[in-house]
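First comes the structure, then the notes that go with it.
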Amino acid sequence: MIKSIHPVAGIIGFLTIFVFWTSTLYSELFATHATVAAVKSMIVSGLIILVPAMVIVGASGMSLGRRRKDAPALVKKKRMPIIAMNGLLILVPAAIFLNAKASAGSFDISFYAVQVVELLAGATNLTLMGSSIRDGRAMTARRRRAGK
């Protein structure tokens with residue numbers, strides 16, 4: 001069961017961050033402040049999907065890999081705390097801060113400074129998560145080949 005849940009939760013988390021990131025970038029570059037505020041509000045609402053998905057992928061990954069000592073598994077284990085801390089310490093607080101600022105119509109220097117940090121942190125998590133997805137698929141493929 002965990003072997004099925006883990007990749008699904010990972011893809012949900014990755015795609016959710018991807019949608020948040022691309023929506024933010026598009027709205028900031030091409031839309032009005034009202035659209036930016038709507039996007040920021042939807043991102044905060046979307047945390048109800050993202051946070052559980054990330055908890056599930058982290059917990060299931062630790063369970064699946066707890067006894068593994070091979071290099072790909074160790075690399076994945078090293079990435080997850082970075083992804084989690086980036087999300088908990090930067091992305092979630094930034095989303096809440098940016099939503100509050102945008103809702104108040106306060107598009108000042110602090111808004112844009114935090115926006116840049118959020119975009120960089122989001123790109124970092126997308127890169128790290130994408131690498132973990134790639135490595136997980138490769139590990140699964142190797143295991144299937146070895147089993148045949």
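The values are calculated or read from the model by the stated rules, or taken from the named source; none is laboratory data. Keep in mind that this is a model prediction, so the values were computed, not measured. In this analysis, Cβ positions are derived from the backbone assuming ideal geometry, glycine residues included, and neighbour counts consider all displayed protein chains. Accessible surface is based on the protein model in full, side chains and every heavy atom, while ligands, DNA and RNA are left aside. Shrake-Rupley method; radii C 1.70, N 1.55, O 1.52, S 1.80 Å.
Numbers for the structure displayed
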{"item": "Condition met for PRO81 (under 20 Å from the mean Cα position of the chain (by Cα) and modelled with pLDDT of 95 or more)", "result": "no"}
{"item": "Helices (runs of 4 or more DSSP H) lying entirely in segment 1-104 (those with 1 or more residues that are open to solvent by less than 60 Å² (accessible area, probe 1.4 Å), without any contact (Cβ under 8 Å) to a residue 40 or more places away in the chain and within 28 Å of ALA141 (Cβ to Cβ))", "result": "2-30, 33-65, 71-86"}
{"item": "Cβ pairs under 9 Å, 6+ apart, first in segment 123-136 and more than 18 Å from ALA53 (Cβ to Cβ), second open to solvent by 20 Å² or more (accessible area, probe 1.4 Å) and in a helix (DSSP H, G or I)", "result": "ALA123/TRP21; ASP135/PRO72; ASP135/VAL75; ASP135/LYS76; ASP135/ARG79"}
{"item": "Filtered residues of segment 109-118 (kept if open to solvent by less than 60 Å² (accessible area, probe 1.4 Å) and of a type outside the set (Val, Ile, Thr))", "result": "SER110, PHE111, ALA113, GLN115, GLU118"}
